[in-house]
Amino acid sequence: MRELKIFDGHNDVLLRLWKGGAEGAAERFKSSDAGHIDLARARTGGFRGGFFAMFAPPQGAFTMPRFEPPYDVPLPEKLDHGAALEMITAQAGILCALDRAGVLRLCRNGAEVEGAIADDVIAAILHLEGAEAIDPDLAVLEMFYALGLRSLGPVWSRPTIFGHGVPFRFPSDADIGPGLTEAGKRLVARCRALGIIVDTSHLNLKGFEDVADQGVALVATHSNAHAISPGARNLSDAQLRAIGQTGGMVGLNFGTMFLQEDGRAKPEGGLEVAMRHLSHMIDLAGEDHVGFGSDFDGAPMPEGLEDVAALPNLVEAMRQHQFGEALIVKITHENWRRFLGRALG
Ligand code: ZN
């Protein structure tokens, strides 16, 4: 039996662990029936590493939509910097505790990722989803970089001082509102100088173009093809081409509302339509620029891909769709690992 290796562009397990309280987080990560990821199920599924997001959820009355198209969800209010920093710091603390307990390893560059995988420890790239916790002078960015932050999305859909995100709207393209602010452009430039990947997944079209103008490799860690599922969170053919042309990466989001052609969060048939997204993304971005971006612990999962232990089903579906073993290796882990080696040194 081939040894399965999966490297994944996005999960929200830190958010889930934080919601359960910092106490005992490492134990809950080792083995738990809750959510989509724990160490035991990661081993079953061949999950060897990925981007671990820190995320400050909306405060107050905002609730996520039921995803019954057509929908257009008003974005939550801007989040207070201090409140965001408190939540993000707590999640970073949980990651450090997991690292210290040896249940995963925080990796700062490609060599550390390779080392963790060789040692059979989960390789974690620390990601910040939405930059509310970052101050306009970028002191917090420096601090989190020193901690090991290596990937950042300037916005999670709701506006920040750095830019305007893409709302949850279906059907819709992503050409909605202004992009990055001047502060946002400075943030991207600083990320580029430090060696922090800039994630465009929750940016609108203008924000995506503003990031492209800075000359960085374009990355969308957890987004799908608009041509298959025409929601605002998914990428146009031109965006997918630009990702390939700049040597970037796009990660297939397993979240049902971003997969399904009708935009509904229904589990049935999700694996089949995932194959259509993958094929389309490979056609447009190129086979060296596509990977996974599961959204485990952050979105509802399709039938047959209920959690990290079910990842072999996704690989089997790729075999059945004649992806070929060399291409499967690229999509499952090699493309992300090669990209991290290039982007992070
Ligand atoms: Zn997200």
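What follows draws every value from the coordinates through simple rules; no lab data is involved. Just so it is clear, the model here is predicted, and its values are computed rather than measured. As a convention, Cβ positions derive from the backbone with ideal geometry for all residues, glycine included, and neighbour counts pool all protein chains shown.
Residue order for Arg66, Arg190, Arg169, Arg150, fewest other beta carbons within 10 angstrom first, comes to Arg66, Arg190, Arg169, Arg150.
Spin-label pair Glu303-Ser279: with each label point 7 Å from Cα along the Cα-Cβ axis, the two points sit 2.0 nm from one another. Residue by residue, the range 230-240 carries 3J(HN,Hα) couplings of x, x, 5, 6, 9, 9, 5, 4, 5, 5, 4 Hz when phi is fed to the Karplus relation 6.51 cos²θ - 1.76 cosθ + 1.60 (θ = phi - 60°); x denotes Gly or Pro. Adding -39500 (n - 2.57) for every DSSP H run of four residues or longer, then dividing by how many residues the chain holds, sets the calculated 222 nm ellipticity at -11500 deg cm²/dmol.
Ranking of Met64, Met257, Met318 by neighbouring Cβ atoms within 10 Å, starting from the fewest: Met64, Met318, Met257. As a rough footprinting exposure proxy, the listed residues Thr332, Thr44, Thr160 were ranked by other beta carbons within 10 Å of their own, and the order from fewest upward is Thr44, Thr332, Thr160. Between Asn313 and Glu23, full extension at 0.36 nm per residue minus the direct alpha carbon distance yields a gain of 101.0 nm. Note on Lys19: lysines with a C-alpha under 18 Å away, same-chain residues under 8 apart excluded, are Lys30. Once the chain from Leu194 to Arg342 is taken as fully extended at 0.36 nm per residue, the excess over their C-alpha distance is 51.9 nm. Spin-label model, Glu182/Ala326: points 7 Å from Cα along the beta carbon direction are separated by 5.1 nm.
Once C-alpha pairs closer than 8 Å and six or more residues apart are averaged by separation and normalised to the residue number of the chain, the relative contact order reads 20 percent. By DSSP, the beta bridges lying fully in the chain are antiparallel in about 15 percent of cases.
Each residue of the range 50-58 is assigned a 3J(HN,Hα), and the resulting list reads x, 7, 9, 8, 9, 8, 8, x, x Hz, derived from the Karplus form 6.51 cos²θ - 1.76 cosθ + 1.60 (θ = phi - 60°), x at Gly and Pro. The ratio of the alpha-carbon radius of gyration of the chain to the globular-protein estimate 2.2 N^0.38 Å is 0.89. Of interest is the spacing of the C-alpha centroids, which for the range 142-166 and the range 267-308 amounts to 24 Å.
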